[in-house]
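The values are calculated or read from the model by the stated rules, or taken from the named source; none is laboratory data. It should be emphasised that the depicted structure is a prediction, and the values quoted were computed from it without experimental measurement. Heads up, the Cβs are rebuilt from the backbone with ideal geometry, glycines too, and the neighbour counts pull from every protein chain shown. Heavy atoms of the whole protein, side chains included, go into the accessibility calculation; ligands, DNA and RNA do not. Shrake-Rupley method; radii C 1.70, N 1.55, O 1.52, S 1.80 Å.
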Amino acid sequence: MKNKSIGGAMLVIILVLFSSACGSSLEEIEARIISVFRTEETVYITRATGEEFDAAVGTRLHENYAVSTAAASFCYIALDNESLIKMDESSEISVYRATETLLSVNVKRGQILVDVQQQEPGHILETRVNNVVMGVRGTLFIATNAGENEAVVIMLEGTVEADGTMLHAGTLTRIYDGAERIFETTDIVFDELDAFAQQVILAYEERILQAGSVIMPEEPEPEPEPEPEPAPAPEIPTFYIAIQDWMFNTGLAELSLANMFLNNADIQNLRYMVNLTTLDLSNNNISDISPLAYLTRLTTLDMQNNPVTDWTPVEHIPDVLGRN
């Protein structure tokens, strides 16, 4: 999805640049202009004479010119500063002026995005795929040449008339042009589209979601945070521990260390007395009792007359004297 997101962001930038160009130069350019707005990687233009040359930004497309993109290449074409076409990779179109007010785009190979923003009164844009002719006005859609006698139209916004049949936003229509013309229409499901269509939808996501025309993938529910694992009981290094100058066997079940002037450092080794069930630490100078969290067998603890502020480490002990 990362690459899709990057491609979608780039398409948004192109659309912003195109909109800015429309607003700033519309009066300076004569009407019915077809020109290359932007290219990415390898894009060719072929004249009616068959001569081929590299497409450059600003190149005008004259009668019967064809534009083709190579693999991993894209081309944006501006029509009269009113509409924008993006060609997918490995695609080919021809653009020509049918009449003074009618432009026609023929998708000869691959697929294109058509974004008609607002046309001048009387202006018409046609999109042709094989023998299917679509009249376009104020619309956003993808047209694909899916092979001989087959066209695919993905309607993202607005409507299109395809040879008398209305195609509405939110539909994907396959049109078969055989002995009789067959239209097969389904809902647009994001996960079932190719990379180009998904990229377009992500670029236009706000508009499309507002129109409700695409069934987007459901956001997966976040997985619950795993419960923190309890701290493992430390390994007992020896059979005895030292507290001040005294040695104590780690197998003891009861221990009294009252009135020994113990501080926080003195009781660090108590964590190894894992067999204790009763412990008396009253009348000392202990404020940090975190080592006692490891004594899971303790049932009675005397902490009277110690400056303890955090009793969390001994919450598992049922009988704690001195706890507020």
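Of the residues in the range 261-272, how many are hydrophobic (A, V, I, L, M, F, W, C) and either surrounded by fewer than 18 Cβ atoms within 10 Å (Cβ to Cβ) or modelled with pLDDT under 90 (or both)?
Going residue by residue through the range 261-272, those that are hydrophobic (A, V, I, L, M, F, W, C) are 261-262, 265, 267, 270.
Applying the additional criterion that residues be either surrounded by fewer than 18 Cβ atoms within 10 Å (Cβ to Cβ) or modelled with pLDDT under 90 (or both) yields 261, 265.
Looking only at that region, the number is 2.
Restricting the search to the range 96-107, which residues are open to solvent by less than 10 Å² (accessible area, probe 1.4 Å), modelled with pLDDT under 80 and not small (Gly, Ala, Ser)?
Leu103
Give the range 304-324 a look and list any residue that's open to solvent by less than 50 Å² (accessible area, probe 1.4 Å) and not hydrophobic (A, V, I, L, M, F, W, C), or say none.
Our first condition is that a residue be open to solvent by less than 50 Å² (accessible area, probe 1.4 Å); within the range 304-324, this holds for 306, 308, 311, 313-314, 317, 320, 322.
Of everything in the range 304-324, those that are open to solvent by less than 50 Å² (accessible area, probe 1.4 Å) and not hydrophobic (A, V, I, L, M, F, W, C) turn out to be Asn306, Pro313, Gly322.
Step by step: first the residues of the range 150-174, then only those that are within 17 Å of Val105 (Cα to Cα) and in contact with an Asp or Glu (Cβ under 8 Å, 6 or more places away or on another chain), then the one that is least open to solvent (accessible area, probe 1.4 Å). Which residue is that?
By that ranking, first place goes to Ala151.
Residues of the range 286-303 being under 18 Å from Ser256 (Cβ atoms) and buried (at least 16 other Cβ atoms within 10 Å of the Cβ), which ones? Working first, answer last.
First, the residues of the range 286-303 that are under 18 Å from Ser256 (Cβ atoms): 286, 289, 291-292, 295, 297-303.
Correct list: Ile286, Ile289, Pro291, Leu292, Leu295, Leu298, Leu301, Asp302, Met303.
Considering each residue of the range 146-176, count those that are modelled with pLDDT of 85 or more and touching a helix residue (DSSP H, G or I) at 6+ places or on another chain (Cβ under 7 Å), and give that number.
Residues that pass the stated criteria total 1.
Kindly indicate whether any position in the range 307-322 is of a type in the set (S, T, N, Q) and under 19 Å from Leu255 (Cα atoms). It would help to see each step written out before you state the result.
First, pick out the residues of the range 307-322 that are of a type in the set (S, T, N, Q): 309, 312.
Subset that is under 19 Å from Leu255 (Cα atoms): none.
Looking through the range 307-322, none of the residues is of a type in the set (S, T, N, Q) and under 19 Å from Leu255 (Cα atoms).
Residue check, Ala233 against (1) closer than 19 Å to Ser290 by Cβ; (2) at pLDDT 90 or above; (3) surrounded by 12 or more Cβ atoms within 10 Å (Cβ to Cβ), all met but one. Which one?
Of the numbered conditions (1) closer than 19 Å to Ser290 by Cβ; (2) at pLDDT 90 or above; (3) surrounded by 12 or more Cβ atoms within 10 Å (Cβ to Cβ), the odd one out for Ala233 is (2).
Which residue is nearest to Ile93 (Cα to Cα), if the candidates are limited to the range 29-53 and must be in contact (Cβ under 8 Å) with a residue 12 or more places away in the chain and loosely packed, with under 13 Cβ neighbours inside 10 Å? Full working, then the answer.
To start, the set of residues in the range 29-53 that are in contact (Cβ under 8 Å) with a residue 12 or more places away in the chain comprises 29, 31-48.
This time we only want the ones that are loosely packed, with under 13 Cβ neighbours inside 10 Å, so: 31, 41, 48.
On the way: Ala31: 21, Glu41: 17, Ala48: 13 Å.
For the range 29-53, the residue satisfying everything is Ala48.
Which residue pairs have Cβ atoms closer than 7 Å, lie 6 or more positions apart in sequence or on different chains, and pair a first residue in the range 296-322 that is without any contact (Cβ under 8 Å) to a residue 60 or more places away in the chain and aromatic (Phe, Trp, Tyr) with a second residue that is open to solvent by 40 Å² or more (accessible area, probe 1.4 Å) and not in a strand (DSSP E or B)?
What qualifies is Trp311/Arg323.
Do the conditions hold for Leu276, that is, is it in a helix (DSSP H, G or I), open to solvent by less than 50 Å² (accessible area, probe 1.4 Å) and either under 27 Å from Val314 (Cα atoms) or at pLDDT below 85 (or both)? Even if it seems obvious, please write down each step before you answer.
Numbers: in a helix (DSSP H, G or I): no; open to solvent by less than 50 Å² (accessible area, probe 1.4 Å): yes; either under 27 Å from Val314 (Cα atoms) or at pLDDT below 85 (or both): yes.
No; evaluated as a whole, the condition is false for this residue.
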